[in-house]
Amino acid sequence: MSKRDYIIQKCFDCFVKNGIEGTTTRDFCAEADVNANTLYYYFASKNDILIECVNFGFSQLENALFDALKEFDKSSFDIFPRLTKIGMDFAPQMRFLYQAVSSPAYEEYRDDQFKRVNAFWERLGKELARRFECPYELIKDHIYEIMTLLSYYTLWGSQDMAAIQFNRIFTDFKDAVQSYRRLKDVN
């Protein structure tokens, strides 16, 4: 890992722990074990650090979800509890990411980030459609429900409510895929 990437990771950890306004240059330096000159050698401002940390955070979530997909059989519905756990475990990081993309400091980058996030969810949906051998259009709404539920869970933190909703979404997803397969087999 490069020094710059290491600093980004440590700054991300600071933002997750303290929030945007609660994180100082001193916090970054202490967490990354660098001095301010080194920090500002790599980044022109706290805003630049924020942008890099948002990109890092979304990449971490994307990598975790796609790595989990590799652990399961092609069309195993057992993947869903693992995806749920990743989403729920990632809640503190997601709180920071939502805080960041809604911050005035991030405003000029917001549209690009939303495009990247939406593209990520679409890639995830298309990968699931490929795995379950069904049309993306059949499961697209379920993917958006998952995305929305992760957002709500991240903000409100009710694990019990999220579990109930995740189970409903995944049951509906499974029913849709199995119905599609039955119809496909009949034809």
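The values are calculated or read from the model by the stated rules, or taken from the named source; none is laboratory data. Model, not experiment: these values are computed from the prediction. Cβ placement follows ideal geometry from the backbone for every residue including glycine, while neighbour counts extend to all protein chains displayed.
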message: Name the single residue that is farthest from Ala100 (Cα to Cα) among those in the stretch 125-145 being among the aromatic types (Phe, Trp, Tyr) and surrounded by fewer than 16 Cβ atoms within 10 Å (Cβ to Cβ).
response: Tyr136
message: Going residue by residue through the stretch 23-42, is there one that turns out to be surrounded by 13 or more Cβ atoms within 10 Å (Cβ to Cβ), of a type in the set (Gly, Ala, Ser), at pLDDT 95 or above and farther than 30 Å from Asn167 by Cα?
response: yes
message: If Leu61 meets every condition in (1) without any contact (Cβ under 8 Å) to a residue 12 or more places away in the chain; (2) within 18 Å of Val117 (Cβ to Cβ); (3) in contact with a helix residue (DSSP H, G or I) (Cβ under 9 Å, 6 or more places away or on another chain) apart from one, which number is that one?
response: (1)
- request: Might you let me know whether the stretch 90-101 holds any residue that is loosely packed, with under 14 Cβ neighbours inside 10 Å and without any contact (Cβ under 8 Å) to a residue 12 or more places away in the chain?
  value: no
Subset of the stretch 1-55 [under 14 Å from Phe96 (Cβ atoms) and hydroxyl-bearing (Ser, Thr, Tyr)]: Thr23
- request: Go through the stretch 151-170 and give me each residue that's surrounded by fewer than 13 Cβ atoms within 10 Å (Cβ to Cβ) and either modelled with pLDDT of 85 or more or in contact with a strand residue (DSSP E or B) (Cβ under 9 Å, 6 or more places away or on another chain) (or both).
  value: Arg168
Unmet criterion (only one of (1) under 23 Å from Ile169 (Cα atoms); (2) surrounded by 15 or more Cβ atoms within 10 Å (Cβ to Cβ)) for Phe56: (1)
query: So Thr148 clears everything in (1) at pLDDT below 85; (2) buried (at least 17 other Cβ atoms within 10 Å of the Cβ); (3) out of contact with any Lys or Arg (no Cβ under 7 Å at 6 or more places or on another chain); (4) of a type in the set (Val, Ile, Thr) except one condition, right? Which one?
result: (2)
- request: Please verify whether the stretch 64-78 includes one or more residues that are within 13 Å of the chain's Cα centre (by Cα) and touching a residue at least 40 places away in the same chain (Cβ under 8 Å).
  value: yes
query: Does Phe58 meet the test of being touching a Lys or Arg at 6+ places or on another chain (Cβ under 7 Å) and either in a helix (DSSP H, G or I) or hydrophobic (A, V, I, L, M, F, W, C) (or both)?
result: yes
From the options Gln93, Gln99, Gln178, Gln113, residue that is part of a helix (DSSP H, G or I) and either over 22 Å from Asn63 (Cα atoms) or charged (D, E, K, R) (or both): Gln178
